[in-house]
1. Which of the residue pairs Lys459/Lys587; Lys50/Lys459; Lys481/Lys524 have a Cα-Cα distance greater than 19 Å in the structure shown?
2. Fewest Cβ neighbours within 10 Å first, please rank Val96, Val278, Val506 accordingly.
3. Based on Cβ point charges of +1 for Lys and Arg and -1 for Asp and Glu, what charge dipole magnitude is obtained for the chain about its Cα centre, in debye rounded to the nearest 20?
4. At a Förster radius of 41 Å, what calculated FRET efficiency corresponds to the Cβ-Cβ distance of Val445 and Ala15, to the nearest 0.05?
5. If you line up the long axis of helix 423-434 against the longest principal axis of the chain, both from Cα atoms, how many degrees apart are they, to the nearest 10?
6. Label points 7 Å out from Cα along the Cβ direction at Ser279 and Asp150: separation in nm?
7. Can you compute the radius of gyration and Dmax for the stretch 257-434, using only the Cα atoms, both in Å?
8. Apply 1/(1 + (r/R0)^6) to the Cβ-Cβ distance of Lys524 and Val546, taking R0 = 22 Å, and write down the FRET efficiency to the nearest 0.05.
Amino acid sequence: MCGIIGIVGLAPISARLVESLRRLEYRGYDSAGIAGVVDGRIERRRAEGKLRNLEALLVDNPMNATVGIGHTRWATHGAPSVRNAHPQLAGKVAVVHNGIIENFAPLKAALIAEGRHFESDTDTEVVAHLIDRELGLGLEPVAAFKAALDQLTGAYALAVLVQGEDALVMGARRGSPLVVGEGQGEMFIGTDALGLGPFTNRIIHLDDGDYVAIDHAGARVFDRDGIRVERPLRIVPAASALVEKGNYRHFMEKEIHDQPDACRHTLSAYVDPITSTVSSPGVDFAAVDRLQIVACGTASYAGMIGRYLFESLAGLPTEVEIASEFRYREPALRPGALALAISQSGETADTLAALRWCKARGITTAALVNSSESTMAREVDVVFPTHAGPEIGVASTKAFTSQVAALIALAIAAARQRGRIDAGEEARLATLLLEAPRLIAEAIVDETLIGSIAQEIAKARDVLYLGRGAMYPLALEGALKLKEISYIHAEGYAAGELKHGPIALVDEATPIIVIAPSDALFDKTSSNMSEVIARGGRVVLITDAVGAGHAPEGVNVVLAPACDPLIAPLVFAVPIQLIAYQVAVLKGADVDQPRNLAKSVTVE
Ligand code: F6R
């Protein structure tokens, strides 16, 4: 969480710092700030809340620096306020930080005992003090920075400015992402290539533990031991054009509409439409005896859908666990297992830690990631890409369906490799899977049908989502989408669980959204709907035309295109996203930047 940027420029950089922060705002938006060296002195501007508040401040109070750093914050230590906004300043040093300094309390106590005064409640301020102290002891800036880094434990990406240094920015990363960008006589550091997109596509990825000094001559990179190292420069695809909203009201709306393309591009990495064959580049599932999926939030629900298919199609024992739990118990995994992380960002701290845990025990690791330059992508043995493009809306949509599409493809490949299906069946399933982008597009076309239902749901205080089979993880996903962007309390349940407790919640004020395509489980779910209706509950049924024809009396139907059960999780994801989106719009909520959240969760 938090986005950081640093620029050593040839011309004033305030506007460019803000432009970069706009691209990084998805990472946190509790406050924003910039600092620059002006006539040898550090100036800073900070504002609570969204970036637009900082922009307004800069109109009244511009900053004329050619070297500077910037930050958009997701608060960890210290409430969102100007005082706690970054850059944090101590003496001659300004710092922006993404992550958590775990030993900040003893460091702060020691610094206070030395007579230093603290202005904020942040953990970051200790970093500024530590560097300033080392400078005071006579070290030159890069050596002072290294001496301070050696005292820190925890996760961080940092950008640092030093008073009097009008052509130097220093950066470091441990556990949080940081890249270096190379321009024409100008240099940049930033959280990701997206943030540097408007300035350069020439990117150097730092290794974990690296620190760097940038100036007009280029970048000097050092490893955690202080040894000067060279890290490869890569030309990244020009992602900048892809992060505009176009004519959509919100990124989430755009990203829902991006899904046919995102799914199509993702499938092109796995399915050959000419031969109707499916591959799993880098992994032979015949040699895997157990699949352990680790992920957080929406990505874990994609994993749950994947489990149904890996077990039913490929007969591969599959576990899915939330990464934050997995990493702190001692899972009984042995070599022979494949650990598969699922992550849009490839940076989620818990998922990354779970992967590292597996790697340290000799287990082969793979990651299904959207960000090909991410830490996970670089650390695992095998990368399975999704090609959803940058996802900016905090609520995941196209990344989720792309993950599900890739998992379906991998399960088909695994089934073939494990001898569970023959070439004919592989071709049949591949052909079905390739229909998904078209059917997702059809599901989006029916957007308007959701309007009146969204109005009803917007009035509710609580909403229940029910599903069976692969629709159960979709019920969990539907509930998560609704609660995160509309702040309505929602829970997802397996439809068969209803009678074991949740049915007590049913009353006329609690809409029940049932996700039930007309498949082999439809009649069972239909009985559950009848049980709800008999108790005065209001049911919204998301189904296809055949399901609608067999629905119990009194349900409100949202129609989805008819499709094979193989791809139903992809097609039926669309109406649940549209319901959440339209409810949030009706409630006037901040759809793309819901309160308290951030897109990439790089702290535990
Ligand atoms: C919800 C959502 C989150 C993420 C989760 C994992 O809409 O987006 O639940 O799925 O934080 O993030 P990644 O996929 O980046 O690891």
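Taken together, the values in this text are just the output of simple stated rules run on the coordinates, not laboratory data. As the structure is a prediction and not an experimental result, all values here were calculated from the model. Note: ideal-geometry Cβ built from the backbone for every residue, glycine included; neighbour counts use all protein chains shown.
1. Distance filter (> 19 Å) returns Lys50/Lys459; Lys481/Lys524.
2. Listed from fewest to most nearby Cβ atoms, that is Val506, Val278, Val96.
3. Approximately 360 debye in magnitude.
4. 0.55
5. Tilt relative to the chain: about 70 degrees.
6. Using points 7 Å along Cα→Cβ, the separation is 4.9 nm.
7. That works out to 15.0, 45 Å for Rg and Dmax.
8. Working: r = 16 Å, r/R0 = 0.71.
In this case the efficiency is close to 0.90.
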